[in-house]
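The values are calculated or read from the model by the stated rules, or taken from the named source; none is laboratory data. Please read these numbers as outputs of a predicted model, since none were measured by experiment. FYI the Cβ positions are ideal-geometry reconstructions off the backbone, even for glycines, and counts take in every protein chain you see.
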Amino acid sequence: MEGKENYDKEQGSREDEVFSKAVRAGKRTYFFDVKSTKNDDYYLTVTESKRRFNADNGKFFYEKHKLFLYKEDFEKFTDSLTEAIDKIKALKLEQGEEVVEKIQSEFTDVNFDDLDS
């Protein structure tokens, strides 16, 4: 989806999603989506998706939680997230647990058809 144009000239409609990255993390999938506004500004949505089972009807469904992050909040959000992660690492070290940091992040491309399996 990277590099997708914001405006579909043939259709005459806006396409607000300009970038998307999915990260599988155990039973959860996180979606990082960059979207554009009507004024060609950008914001980030972070969606946590968890597959759940509905015992009433015997079907699976996806429970989703969204966070909208706007550009004026990026720096404060990033600083606070980094501070919280550093605190967790320090606490784990105090408990004697070795904290191993990955040098290179590994992401898994997600095919929506795979989520039903």
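Here are the numbers:
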quantity: Subset of segment 64-75 [among the acidic types (Asp, Glu) and under 14 Å from the mean Cα position of the chain (by Cα)]; calculated: none
quantity: All positions within segment 21-61 that are over 15 Å from the mean Cα position of the chain (by Cα) and touching a residue at least 12 places away in the same chain (Cβ under 8 Å); calculated: Ser36, Thr37, Lys38, Asp40, Asp41, Tyr42, Arg51, Phe60
quantity: Test: residue in segment 72-85 that is of a type in the set (A, V, I, L, M) and surrounded by 13 or more Cβ atoms within 10 Å (Cβ to Cβ); calculated: no
quantity: Contacts under 7 angstrom Cβ, first residue in segment 68-93 being closer than 30 Å to Asp40 by Cβ, partner assigned to a helix (DSSP H, G or I), 6 or more apart; calculated: Leu69/Phe77
quantity: Residue in segment 16-24 that is modelled with pLDDT under 90 and either among the acidic types (Asp, Glu) or part of a strand (DSSP E or B) (or both) present; calculated: yes
quantity: Among (1) modelled with pLDDT under 95; (2) part of a helix (DSSP H, G or I) - the single one Lys76 does not satisfy; calculated: (1)
